[in-house]
Amino acid sequence: MSTQATEDRILEVLEEDAQASYAEIAERADVSKPTVRKYINQLEEEGVIVGYSADIDPKKLSSKTIAMVGIDVSSERYVEATKALKDLDEVEALYSSSGDHMLMAEVRAADGDALGEIISDQLLEIDGVTAAHPSFLQERLK
């Protein structure tokens, strides 16, 4: 079995269950516990594994509205606008995009009205942001 194949199987198990023990990973990846330990340590040192996290469905925790907001930014203000967007507490995640918009922001708000206020009072007030197009997330399917 190749090194890359072993690494891929271990990473696949971790992506499915970040809390899996070395024994569980070894069993599911069909390798020994010492092999799992060696690969995980190596992947952490190389920066491939940068942390372990819980995958949480925010709709189960609160009644917050979540939207992916496509954001258009003028090219000459891109760096400054991106920094300002990253500083907003309501922006949970920010992505560069090759699609219809330069940026995609995951924004959380109490409800649709509050989201509208965040867009008009905060996002669109950032120098360089030219437009914001929200798409409300309804149900997490996976």
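The values are calculated or read from the model by the stated rules, or taken from the named source; none is laboratory data. All of these numbers come straight from a predicted model, not from anything done at the bench. Glycine also receives a Cβ, built like all others from the backbone with ideal geometry; neighbour counts cover every protein chain displayed.
So the values come out like this:
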| quantity | calculated |
| --- | --- |
| Tally of residues being in a loop (DSSP other than H, G, I, E, B) and at pLDDT below 95 across the range 114-142 | 6 |
| Matching residues in the range 24-37 - criterion: being surrounded by 11 or more Cβ atoms within 10 Å (Cβ to Cβ) and either in contact (Cβ under 8 Å) with a residue 40 or more places away in the chain or not polar (S, T, N, Q) (or both) | 24, 25, 26, 27, 28, 29, 31, 33, 36, 37 |
| Number of positions in the range 1-32 that are under 26 Å from the mean Cα position of the chain (by Cα) and of a type in the set (Ser, Thr, Tyr) | 3 |
| Filter result (farther than 14 Å from residue 103 by Cα and of a type outside the set (S, T, N, Q)) within the range 126-142 | 127, 136, 137, 139, 140, 141, 142 |
